[in-house]
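Peer 1: Have a look at this one before I ask anything.
Read-outs: derived from the displayed coordinates by stated rules, not from any lab. Bear in mind that the values here come from a model prediction, so they are computed numbers and not experimental data. Positions of Cβ are backbone-derived with ideal geometry, glycine not excepted, and every protein chain shown enters the neighbour counts.
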Amino acid sequence: MKIAIIGGAGAMARTTVRDLSENQNVAAILVADYHEQKARAYAESFNDPRIKGCLVDATQVDATAELIKDYDAVINSAQHYVNLDVMRACLAAGVHYLDLGGLFYYTRKQLTLFDEFKTAGISAILGMGAAPGITNVLSRYAYDRLDTVETVRFFDTGVDFTDMQGVDVFAPPYSIRTIMEEYGENSEQFIDGRYQVVPPLSGEMMVDFPEPIGRCKCIHTLHSEPATVPESFKDKGVQEVTWRLSLPPAFEQKAQFLAAIGFAEKTPIEAGGGSIAPMDYLAAVVEKHVSEKLAGIELAVDDMECIRAQVGGIKDGRRVEYTVDCIGRSHSRWRCAVGDVATGTPPAIVAPMQAAGEIAAGVWGPEQVVNPERLFAELAKREMELHVTVKEQIA
């Protein structure tokens with residue numbers, strides 16, 4: 001099978017490429033990115049004839065379709081703004097599609113392409129990273145074991161023990177663009193059987209996670225799980241599907257401040273004789289800041305993440321609550337952060353299933369088409385642990 005990665009030079013995608021490189025069933029891997037030099041350099045670093053790098057502008061649908069036409073599946077790891085463009089390129093090329101999420105609104109638009117993908121005989125899976133992705137499949141594990149489902153609550157948190165060697169650096173755990181959207185925009189949560197718009201950073205809840213993470217403040221942010229799970233679980237009567245995030249407090253304070261003063265804005269403003277969107281400027285500044293601060297420094301990454309689905313409902317007439325956790329730490333062999341592993345490896349696991357024809361044609365949320373036990377077994381091979389806690393009403 002042959003797999004192309006759009007945005008393949010990005011942080012999360014680099015782990016996807018590494019994972020795929022260890023799969024001997026994958027005959028070709030294309031690292032395609034708008035930053036051509038980065039894509040080619042990363043592909044060449046493997047010294048593997050199966051892996052090639054190239055330029056792609058994902059907004060150019062016809063050119064992208066031509067590029068991917070000989071591949072079996074595309075993993076779209078680029079920013080969600082190009083999700084629809086890459087999906088249309090896949091439709092034109094007859095290639096399976098998978099992405100890392102659409103921050104709710106793009107996901108809802110992508111779902112409207114179901115009939116086109118079904119007619120074309122190809123599959124699309126929306127949001128198959130860590131969150132969304134692993135989160136959705138964790139909830140499916142609980143859904144399969146309950147007669148009715150009332151509440152589905154998603155959480156994601158982590159801690160970082162990395163010795164920064166005295167360097168004070170503002171290093172986002174994932175795309176600063178995505179973080180600004182999550183922290184700066186209203187979100188839609190599914191509450192009391194309907195979608196409700198809530199302010200950013202609302203819905204504060206203190207949640208206990210496994211040690212050494214411990215107790216964390218979790219808040220609503222814009223996310224993709226509520227875009228698909230209510231429809232997927234409606235047959236069992238689900239009334240609530242909510243998402244909450246917890247980032248390290250010191251980082252969160254800085255991110256909140258940046259969002260509050262306008263760096264989440266995407267509309268260009270006049271500045272310094274030119275025009276630039278505040279979010280674009282921030283992204284460029286952060287990239288420069290991190291690269292300069294950490295130049296020549298070898299960090300031994302040491303962090304931990306807990307991805308959780310908490311699902312409540314009825315089983316055999318009794319109230320039951322499942323707490324399903326995926327817990328990971330920085331990868332011992334790949335030497336990369338846990339966020340890169342948790343987000344980058346699920347596409348490398350699931351896209352080959354699509355390429356092998358194991359996923360039905362159409363456009364799906366991960367909870368609809370990815371077998372939990374199979375995914376969990378593969379995640380365990382990548383140093384992630386799965387834990388289930390069941391609380392059952394006994395009287």
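Peer 1: With θ taken as phi - 60° and the coefficients 6.51, -1.76 and 1.60, list the Karplus ³J(HN,Hα) couplings across segment 248-253 in order, rounded to whole Hz; mark glycine and proline as x.
Peer 2: So the Karplus estimates, Gly and Pro as x, are x, x, 5, 5, 4, 4 Hz.
Peer 1: Sticking with this structure for a sec: Let's test the formula: R0 of 51 Å, r as the Cβ-Cβ distance of Gln256 and Asp70. What FRET efficiency results, to the nearest 0.05?
Peer 2: Computed FRET efficiency for Gln256 and Asp70 comes out at 0.65.
Peer 1: Still on this model: Could you give the size of the charge dipole of segment 80-142 about its Cα centre, using +1 on the Cβ of each K and R and -1 on the Cβ of each D and E, expressed in debye and rounded to the nearest 20?
Peer 2: About 140 debye.
Peer 1: So, one more: Could you run the Karplus curve 6.51 cos²θ - 1.76 cosθ + 1.60 with θ = phi - 60° over segment 216-227 and give me ³J(HN,Hα) per residue in whole Hz, x for Gly and Pro?
Peer 2: 9, 7, 10, 9, 5, 9, 5, 7, 8, 4, x, 6
Peer 1: Could you run the Karplus curve 6.51 cos²θ - 1.76 cosθ + 1.60 with θ = phi - 60° over segment 4-14 and give me ³J(HN,Hα) per residue in whole Hz, x for Gly and Pro?
Peer 2: 10, 10, 7, x, x, 8, x, 4, 6, 5, 4
Peer 1: Moving to a separate point now. Once you've got the Cα coordinates, tell me which of Lys266/Lys293; Lys217/Lys391; Lys52/Lys217; Lys234/Lys254; Lys109/Lys266 are over 31 Å apart.
Peer 2: Flagged as over cut-off: Lys52/Lys217; Lys234/Lys254.
Peer 1: Give me the extension gain from Thr119 to Tyr81: residue separation times 0.36 nm, minus the current Cα-Cα distance, reported in nm with one decimal.
Peer 2: 11.2 nm
Peer 1: Along the Cα-to-C-beta direction of Thr162, a point sits 7 Å from the Cα; which residues of segment 126-146 have their amide N less than 19 Å from that point?
Peer 2: Under cut-off, by backbone N: 130-131.
Peer 1: Suppose each label sits 7 Å from its Cα in the direction of the beta carbon; what would the Gln37-Met205 distance come out to in nanometres?
Peer 2: 4.7 nm
Peer 1: Which stretch or stretches of segment 1-36 have amide N atoms under 12 Å from the point lying 7 Å from Ser45's Cα along the Cα→Cβ direction?
Peer 2: 9-18
Peer 1: Using only DSSP helix segments of four residues or longer, with each worth -39500 (n - 2.57), what per-residue ellipticity at 222 nm results for the chain after dividing by its residue count and rounding to 500?
Peer 2: After summing the helix terms and dividing by the residues of the chain, the value is -10500 deg cm²/dmol.
Peer 1: Now for a different question. Distance from the Cα centre of segment 3-80 to that of segment 167-202, in angstrom?
Peer 2: Taking the Cα centre of segment 167-202 as reference, the centre of segment 3-80 is 28 Å away.
Peer 1: Using r as the Cβ-Cβ distance of Lys293 and Lys109, and R0 as 41 Å, what FRET efficiency do you calculate, to the nearest 0.05? Intermediate results must be reported in sequence, preceding the final value.
Peer 2: Numbers: r = 37 Å, r/R0 = 0.91.
According to the calculation, E is roughly 0.65.
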